[in-house]
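First comes the structure, then the notes that go with it.
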Amino acid sequence: SQQGEEDPQALSIQEGENATMNCSYKTSINNLQWYRQNSGRGLVHLILIRSNEREKHSGRLRVTLDTSKKSSSLLITASRAADTASYFCATDEEDKIIFGKGTRLHILP
Amino acid sequence: DAGITQSPRYKITETGRQVTLMCHQTWSHSYMFWYRQDLGHGLRLIYYSAAADITDKGEVPDGYVVSRSKTENFPLTLESATRSQTSVYFCASSGLAGGSHEQYFGPGTRLTVT
């Protein structure tokens, strides 16, 4: 069962613009994580936000969490070519996490 | 080398053959996971392990077998490979349970079953 669902499925923006992707989930969570996957590579953890947090920052990344709407967003500011990747949200379920299908982000030069 | 490694990185096998994918981590993490990644499905959990000799099924366990005799190793075996098992397989490890801690991923094994 897929808990998180990212939106949009694909996104193309110009370098320097901000990129926003969203994640919606169905059941209550304790934590939500975002991961990045470059083409042909394994996933890399970006940020974890707990259910009692509303916003978290890490460098050019900003994650928000709205537990009342069961949704989260990942904002990448001042995008760079190196940000081209797939981004996944993951929600906790007992002692494991469940990944969404991801958003493919393409940064145009 | 430190980290999490997978071998082989690429494997082509025939339908019906047994194949084992290896995963090794050097952090002594308690938790280890196997995922498969297919276009249109994202990452799906196959099996996971909370500690040596403790394993549990994930979302898509059929056709796979795992073992964990040592904390650092978590091999995944396809007992009789089928074409539907053609996929990219990722191993991951985590120090803590559930979503309270990040998972560290290996580079993946691309498996083709002909």
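Let me cross-check A:D7: its accessible surface, 1.4 Å probe, with only protein heavy atoms counted, in Å² to the nearest 10?
So the heavy atoms of A:D7 present about 90 Å² to solvent.
Quick one: ranking B:L96, A:L43 by accessible area, 1.4 Å probe, largest first, what do you get?
Largest accessible area first, the list is B:L96, A:L43.
Considering the alpha-carbon set of the protein assembly as shown alone, what are its Rg and its Dmax in angstrom?
17.4, 50
Using only atoms on other chains, find how many Cβ atoms lie within 10 Å of each Cβ of peptide A:91-102 and report the average.
6
Let me know the mean shielding of B:37-43 by other chains, meaning the per-residue number of their Cβ atoms within 10 Å of its Cβ.
Counting other chains' Cβ atoms within 10 Å and averaging over B:37-43 gives 5.
Relative contact order, percent, of chain A when contacts are C-alpha pairs under 8 Å separated by at least 6 residues? Present the calculation step by step, with values, prior to reporting the outcome.
Values: 271 pairs, mean separation 42.4, N = 109.
Reported as a whole number, the value is 39 percent.
Hey, which lysines would be in cross-link range of A:K70, C-alpha to C-alpha under 24 Å, not counting anything within fewer than 8 residues on its own chain?
Straight-distance partners of A:K70: A:K26, A:K56, A:K96, A:K101.
Could you work out the local net charge near B:A81, counting Lys and Arg as +1, Asp and Glu as -1, over the other residues with Cβ closer than 10 Å to its Cβ?
+1
Largest first, what is the accessible-area ranking of B:W34, B:W27 with a 1.4 Å probe?
If we order B:W34, B:W27 from most to least accessible, we get B:W27, B:W34.
Please list the three semi-axes, largest first and in whole Å, of the ellipsoid equivalent to region A:5-108, using sqrt of 5 times the eigenvalues of its alpha carbon gyration tensor. Could the numbers behind the result be given before it?
On the way: eigenvalues 99, 41, 27 Å².
Working from the Cα gyration tensor, I get semi-axes of 22, 14, 12 Å.
For a quick check of your reading of the filter: which GluC sites (Glu not before Pro) in region A:8-95 sit in a DSSP loop and have no more than 15 other Cβ atoms within 10 Å?
Passing sites in region A:8-95 are A:E15, A:E17, A:E53, A:E94.
The values are calculated or read from the model by the stated rules, or taken from the named source; none is laboratory data. Only a predicted model underlies this, so the values are computations on that prediction, with no experimental measurement involved. When we count neighbours, we look across all protein chains shown, and the Cβ atoms used for this are built from the backbone with ideal geometry, even at glycine. Areas reflect the complete protein model, heavy atoms only, side chains present, ligands, DNA and RNA absent. Shrake-Rupley method; radii C 1.70, N 1.55, O 1.52, S 1.80 Å.
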